[in-house]
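Below is one structure, written out as structure tokens; comments come after it.
The values are calculated or read from the model by the stated rules, or taken from the named source; none is laboratory data. All values derive from a computational prediction rather than experimental measurement. Cβ placement follows ideal geometry from the backbone for every residue including glycine, while neighbour counts extend to all protein chains displayed.
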Amino acid sequence: MPELPEVETVRAGLAPFVTGATIVAVDVRRDSVARHTPGGSAELQARLRGATIAGAVRRGKFLWLPLTFADDAPPAESLSAHLGMSGQFRVHTAADAPAPHPHCRARLHLSRAGDDLVLDFLDQRTFGYLHVEELRPTDDGFAGGQGSADALIPASVTHIGRDALDPDLDVPAALRAWRRGTRGIKQVLLDQTLVSGIGNIYADEALWRARVHPERPAQATSVATASALLEATQAVMRDALAQGGTSFDALYVNVNGQSGYFGRGLEAYGRGGEPCGRCGNALSRATIGGRASHWCGRCQRRYSPRRAAVR
DNA sequence: AGTAGCACCTGATTGC
DNA sequence: TGCAATCAGGTGCTAC
């Protein structure tokens, strides 16, 4: 499922095709893809038509394309996209574009330097969406590193924290936020308002790597442990990114739902009952906070207040 | 304020 | 065999 590394792969794959392209027409094939836009698909179509895409920017799992219009003003609006669980983008030349796939929720017709392109948004499970909205200055100095889009983020993304690979992540503040409250540490890792980009799969992987039990209360997590968790998160995401970036061809923007990184490299997620790659103990699987969770009961000790008190 | 729980949706898989 | 229940996932909303 698309988490930070997968969304970054999509962003990086999309950017060279769409930057500088003008949106000629938008064919919405399922109205719910525009459910976050107040006026629905009609407003999405009307506000996108004629816009030129200035780049592709990402924070955590949120992706957006800043838009400029004929007046040459800096981008003030964006086409925002969230892949949900199963979203994909595919790019075709207009001449080679196939009939829309049954899971195609929207087809955008683009034009750049005389070339006509088709950008399909596919989404089997329909948790993803496209949205057109204004860009807002953010008070935390976020710089997406995308030139003209610096320091502006879509209105719907303002509540999302900097992501785990953002060089400007305020690490001490992030660790403090992770160590607050009564929730289990895994639920805290999944809280996109604190540190974004971590989903169910990488949460399990990071916890396994850092040897932390998913149900350890956040407030019983030491600075050292929280710090190790953040570093494990960054390491596993960098590893995934290195593999996710390997497999795309010109017309397919890889969302990497199953292929690529998945099925290799994973030590915990989806491996309930299989031996731990570190100690050989059978990995546990249970639902925690409504999410399938996987961990090693030997390497990742459950928190015990009594043991903590003795020490 | 912080947290838990559910709705949203579809297709694959499992159970009867 | 056929149908129904279950599961998976991220986010945003509601209710405590």
Selected residue [within 22 Å of residue A:2 (Cα to Cα), at pLDDT 90 or above and in contact with a Leu (Cβ under 9 Å, 6 or more places away or on another chain)] from A:109, A:92: A:92
Selected residue (only one of A:65, A:79 is modelled with pLDDT of 90 or more, more than 16 Å from DNA strand C (Cβ to nearest atom) and surrounded by 22 or more Cβ atoms within 10 Å (Cβ to Cβ)): A:65
Residue count for the range A:128-152, restricted to those that are farther than 23 Å from residue A:88 by Cβ and either in a loop (DSSP other than H, G, I, E, B) or at pLDDT 75 or above (or both): 14
Residue count, the range A:184-207 (criterion: over 17 Å from residue A:157 (Cβ atoms), buried (at least 24 other Cβ atoms within 10 Å of the Cβ) and either within 12 Å of DNA strand B (Cβ to nearest atom) or small (Gly, Ala, Ser) (or both)): 5
Pick from the range A:264-311, criterion surrounded by fewer than 13 Cβ atoms within 10 Å (Cβ to Cβ) and among the aliphatic types (A, V, I, L, M), ranking: modelled with the highest pLDDT: A:286
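Residue-by-condition table, conditions (1) surrounded by fewer than 23 Cβ atoms within 10 Å (Cβ to Cβ); (2) outside the structural domain of residue A:94 (by TED's automatic domain parsing); (3) free of Cβ contacts under 8 Å to residues at least 60 places away in the same chain:
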| residue | (1), (2), (3) |
| --- | --- |
| A:9 | no, no, no |
| A:12 | yes, no, no |
| A:19 | yes, no, yes |
| A:30 | yes, no, no |
| A:33 | no, no, no |
| A:49 | yes, no, yes |
| A:56 | no, no, no |
| A:59 | no, no, no |
Failed item, numbered, when residue A:125 is tested on (1) modelled with pLDDT of 90 or more; (2) within 14 Å of DNA strand C (Cβ to nearest atom); (3) among the charged types (D, E, K, R): (1)
Condition met for residue A:181 (in the same structural domain as residue A:266 (by TED's automatic domain parsing), of a type outside the set (Val, Ile, Thr) and either within 16 Å of DNA strand B (Cβ to nearest atom) or without any contact (Cβ under 8 Å) to a residue 24 or more places away in the chain (or both)): yes
